[in-house]
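The values are calculated or read from the model by the stated rules, or taken from the named source; none is laboratory data. The model shown is predicted, which means the values in this text are computed figures rather than measured ones. Counting neighbours? That spans all protein chains shown, and the Cβs are built from the backbone with ideal geometry, glycine included. The area values use the complete protein model at the heavy-atom level, side chains included, leaving out ligands, DNA and RNA. Shrake-Rupley method; radii C 1.70, N 1.55, O 1.52, S 1.80 Å.
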Amino acid sequence: MELKLSTEKRTEYTDRIKDVIKDPSYSIFVILGFPFILALIGGLFDPFSMFVILVGPIITLACYAYYTGNKLSSAMLGLVVIPLMFFYAGPIGAIVDFQLSRLDRYFEWTYIFDIIDDFWKYSLAHSLIGFLIAFRKIPYLLLALLIFVLQLMELLSHVD
């Protein structure tokens with residue numbers, strides 16, 4: 001009897017977490033939190049940071065958009081996931097490398113505008129991908145996959 005009550009409590013908590021994630025009023029925490037987690041993983045596991053940069057945003061975006069089905073918050077997450085990930089990665093990298101004297105340059109407007117200028121086309125593509133995945137239909141998912149493959153090919157063409 002104790003085991004059954006314990007499992008019912010655990011499923012009650014997971015059901016509550018699922019409802020909170022699907023609620024659009026709490027999506028701001030997801031939109032700000034996922035890029036921070038990706039930047040933290042990229043900063044801590046430096047050899048694997050290229051994989052996190054290339055594949056991490058699309059995986060989190062796809063999971064969030066497909067699970068919630070909320071088109072607006074999925075498009076917003078796609079729009080800000082890459083710039084916020086790079087905005088968070090600078091200070092996290094400086095803290096991990098114990099270069100605290102360099103922290104002030106990451107909060108200047110020129111640094112923020114450089115990030116936006118470098119990644120605006122990827123942000124727009126991710127926004128469209130998140131919007132399409134939120135429909136949860138095969139043609140939209142295939143179109144989102146095609147956009148991601150084209151974006152990945154364009155991104156990898158710049159890597160030497």
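Once Kirkwood radius over Cα pairs in Å is calculated for the structure shown, the corresponding label among (i) 17.2; (ii) 16.3; (iii) 16.8 turns out to be (i).
Could you pull out the longest piece of the chain with no exposed loop trypsin sites (Lys or Arg not before Pro) in it, calling a site exposed if DSSP puts it outside H, G, I, E, B and it has at most 13 other Cβ atoms within 10 Å? With a cap of 13 other Cβ atoms within 10 Å, the longest stretch comes to 1-135. Solvent-accessible area of the chain (1.4 angstrom probe, protein heavy atoms only): carbon and sulfur portion equals 72 percent. Our coupling estimate for segment 80-92, obtained by passing each phi through the Karplus curve with A = 6.51, B = -1.76, C = 1.60 and θ = phi - 60°, is 10, 5, 6, x, 5, 4, 6, 5, 6, 5, x, x, 5 Hz, Gly and Pro reported as x. Taking Cα atoms, how many degrees apart are the long axis of helix 2-22 and the longest axis of the chain, rounded to 10 and kept between 0 and 90? Long axis of 2-22 versus the principal axis of the chain: about 50 degrees. Taken along the Cα-to-beta-carbon direction at a fixed 7 Å, the label points for Lys121 and Arg105 span 2.7 nm. Charge dipole (Cα centre; +1 on Lys/Arg Cβ, -1 on Asp/Glu Cβ; no other charges) of the chain amounts to roughly 660 debye. Using 0.36 nm per residue and subtracting the Cα-Cα separation, the extra length available between Leu146 and Ile59 on full extension is 29.8 nm. Along the axis of the charge dipole computed for the chain (Cβ charges of +1 for Lys and Arg, -1 for Asp and Glu, origin at the Cα centre), the listed residues Leu145, Val96, Gly33 are led at the positive end by Leu145. Projecting the Cα atoms of Ser74, Leu124, Gly56 onto the charge dipole of the chain, computed from C-beta unit charges around the Cα centre, puts Ser74 farthest toward the positive end. Say a site is exposed when it is one of the chymotrypsin sites (Phe, Trp or Tyr not before Pro), sits in a DSSP loop, and has at most 16 other Cβ atoms within 10 Å; what is then the longest site-free stretch of the chain? So the longest stretch without any such site is 99-160. Note on Val80: accessible area is roughly 40 Å² with a 1.4 Å probe, heavy atoms of protein only.
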